[in-house]
Structure formats: structure tokens, C-alpha cells
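Let me begin by presenting the structure, written as C-alpha cells, before commenting on it.
FYI, it's all coordinate maths here, none of it is from the lab. Bear in mind that the values here come from a model prediction, so they are computed numbers and not experimental data. Every residue, glycine among them, receives a Cβ derived from its backbone with ideal geometry; neighbour counts consider all protein chains shown.
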């Protein structure tokens, strides 16, 4: 992954801050508030702590006389600016969002929308909100700053269009609190959010669809036509969706020995037509069962099969299918009859002339990154570049994450340090956690971290961790007994590193655990070795952030539910 060098901050980023009001009195009041927040977070899981935060918030707010307001980093474009963004004859590509998914799953779907729109040469329209599911302070405080609140989220299936995996409140927040929209627009180019689209075309805000799915009735400006690609068509699992038609001729010349291998078009067709796509390992085993002589080397096998008409598919390993990381690049194989090109589809009627092409349905669950596979490795790499450059946390979150990572380095006196994401929550009930018992899960994670220390020793000979060094642990576990066990066995948690200045920089958004999870991703990205959850998109986002920082592929591993 050397191609993806550390990303330099965009011009002005280093100076951008969420500034508190100028008055010293207001500064003191805010610091008093965040001090209470941090003290309460250290005892996360105690109801008394939550009440203390609530009381502290109310006192601080009264002291600042109502000026405790959201600090907006992202300035929404004016209608005139939106017109300039889209041009005179805009053509859009839109895709369903899913309100009941958290930020990292929404991020994955958003990445797919971006690349699909770029392939289609259309302007993407993106969801503009996230329903946060966890409050770090009190429900009353979180409800106050949310755009909308559900006290019991699964009582509103008719509004959001589906159910969450677990019960509890939900708080609607603008996506700009999770994602640096300004950087995305700088790096990607023209796009609109749903609310920007509605504003541009004077659509009544009351028609906004909280499900985040595209509403062909409400979002139908006069003069624009919409063509729908049904979910059953786009997601048909009998074929493989690719970006563009594969090259008409093989890209590599074969050596004489490779051409002499005992494979034939007939044998390959008979073997590989049995399923839409094949991993290299599965194709190799299938050919071996037919007694076919084949190249032992992966690259040589791909070249030989391509010469016989097989289509190489450039994608990412199933190892990261569920955590949504753009990592572990791999090649799969398909017969031409099983491949369908997005550009071919969209160049036909009724899509070619439509103002809006709407891809209906869910592109998230167990779908490859980008919602398709690529027919060239350069297209796959361009997609990775798009994400690593464009999809990043807002400046204040990145800054706080960097501070915490530096503080963590201080905990180990500047030595290399390791970190893990221990995902609990609804994963326990749906059996996606490696263990139902929180302590057993932790012990498995700790063993994986110990292996990570061994990997560091294979690559470095200086600043190596000592046997009793602490490690960073990002977790949504709330049981106080379990958290005490984690700490007693070396874990440093978010609340152990936060200081008032950090929470002041985050402002009101620090009230939501969903936002703090994005902060933790930044910490995980800076660790010298990281152990993630195989099935968690939060881990996948941290891996993407690590890649953007130039971290090597060997510097992380995944803990599976069956480990």
C-alpha cells in the first residue's frame, strides 16, 4: 500500500478550530462543564455519574446565559453556490440510505454512492443525517441538541422504514458532525446532500423522508425525470456487477511455459460457469478436481485464465467484507456471461436520458466495497484513493484524536503501543461477538494484542513495548465490573485520556457516544498495532484511517466471532 502516502492536511486545516466565545467568563463556564463531563465519563456506566453530568450541564448552561450553542465547522452552501456546484444541466445518481444504520455503515454506503456516481459520470446526492443511538451524558441533554429525538426508537419503524437491532432512544444529527464535508467536496468534486437538493429545487422541507431512502414522489422537481434501477435488478446475485466492460484482449503476454499449461476453454467454461464469482483459492480447487494442469503461481494462473476468456475481478478479500475496510486487495474470477457492467446498464433506455438515476434498495449488507467489483486494478486503486482522501472526520475530531494518541504514547514513555476495538452492544445478542461473556471476550482480545506485540518485534528493534505496558481499548461495554477488569489488565479507556480541553474542542457533540466513537477511531488509527473486530464497520473505518496515515498492512489484525 506504499502508493497511499500520508495525507497532508488541506490548506488552512491546521489553523481551523472550534473556537469558544471570546469572553473569559464563558470560557471558564465551558471548562467547568467539560470537567464534570470527564469526571462522569471515568465512571461510565454509573447512573449517578450520568445524573452528575446532567446537573453540571444545566449549571454551566445557565452560567453562559444560553450561549452554549452548536459550533458549526461546515458552512452549508447558499442556493447560488449550489447552482454553481451542479451546473446548468445536472444529471444525478441517487441511492437509498438506511436510517437505522450507524455512521460507519452509512459511511460505507456513501462511499459506494460516490464511486457509482463517478463511474456513471453523474452528481451523487448523499444522505445528510445520522441517527445516533447512544448518549454519553443524559437523554435530556442529547435530546436538546439533536435535530429530532425518538425516546423509543423502534416505535418509529413507520418513519425510518426499518428497525434497529436493539431498543433505546435515537438522536438525529447532521452528517457534518461525523464527516468533513468540505474536504470531501474539495477532493471528490460536485455532490449534494438530500437537504441541499431539496433547497436547490425549493422542495418543502416537510417532505423530507427520515428513512434516508430516496423518495421518488417527494423528490421530483419539475423538469427532471427519474429512472429507477430496481433492487432486484442491480442486486441480482446470479451475476456480478462490475464498473465497466472488461478489456477486450488480455493485458499480459504469456510465456511459452504458461501457454503450454493443460487448461482449455472448454474445461474452464465447464468448471467456472457453476457460480457467478470465484476466489483464486476456490477456482484452483475446482480446476484441480477436474485434473487440470495449471500454473501454481497466482499471477500466472490469472494471466492464463484471462487468455482463455475468464474475467479478472479486482476487489477486496472477504476477510473485510463485513467490517468495510478498503484493505486486503485481491483478485476474483468470473466468466463473461456472469458479468454485467454498470456503464452498459446506464447507457441504455430509460437510464441514459434520465435526469436522476435512482439505485433502489440496500447496497450494504454483505456487498463488496463500492457496491461492485472492478475490471482493472487501477480502477480499484482509484476507489481507494477517493476514500482515503475524501472520507475523513471533521477537523476538531481529528485534532482531539491526535491529542489522545500523543497522550497514550506518553503513558508508555514514548514506546510503541497497541490498541484494540472490543465491540459489544447489539453484537452480543446477534452472536457476532467472539464471546457472550465480556471477560472472555476481553481475554481473547488481549491474546490477539500480545500477538501484535510479537509482530512489532519482527519489524522494529527500537522503542518496543515492555511486557507490562498498557494498551488502548475502544469499547462500547458499559458494565462497570467488566470495565474494572479491563483496566486491571492493562486497558486504557477513552475516559482515562480525555481532559477538559478535549471535550471543549468537541463542544456539544461530545454528548453522543456515536461521536466519541469517531474520536476513538482516530486513536486506533495512530496505534503501532491494532486489533479490530472482523464484523464491525467501526474497526473498518479505523483501518481506512490507518491506511491514510501510511500504516502498513501488517500492522493490524482482526478478531473473528469464532476466534
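Between the stretch 337-367 and the stretch 371-390, what's the alpha-carbon centroid distance in Å?
18
Place the peptides 500-507, 157-164 in order of packing, highest mean first, counting for every residue the other Cβ atoms within 10 Å and averaging per peptide.
500-507, 157-164
Working only with C-alpha atoms, what are the Rg and Dmax values of the stretch 353-433, expressed in angstrom?
For the stretch 353-433, the Cα-based Rg and Dmax read 19.5, 62 Å.
Place the peptides 211-220, 124-133 in order of packing, highest mean first, counting for every residue the other Cβ atoms within 10 Å and averaging per peptide.
124-133, 211-220
For the stretch 252-337, rounded, prolate or oblate, judged on the Cα gyration tensor with a ≥ b ≥ c (square roots of eigenvalues), a/c < 1.5 rounded, else prolate if a/b > b/c?
prolate
Classify the stretch 393-559 as rounded, prolate or oblate from the Cα gyration tensor: take a ≥ b ≥ c as the square roots of its eigenvalues, call it rounded if a/c is under 1.5, otherwise prolate when a/b beats b/c and oblate if not.
Rounded, because the longest to shortest axis ratio a/c is under 1.5.
Which order do the peptides 317-328, 460-471, 522-533 take when ranked by the mean count of other beta-carbon atoms within 10 Å per residue, highest first?
So the order, starting with the most tightly packed, is 522-533, 317-328, 460-471.
Determine the shape class of the stretch 106-206: with a ≥ b ≥ c the square roots of the Cα gyration tensor eigenvalues, call it rounded for a/c under 1.5, and otherwise prolate if a/b is greater than b/c, oblate otherwise.
Note, shape of the stretch 106-206 comes out prolate.
Need the C-alpha centroid separation for the stretch 392-465 versus the stretch 133-198, integer Å.
If you average the Cα positions of each part, the centres end up 27 Å apart.
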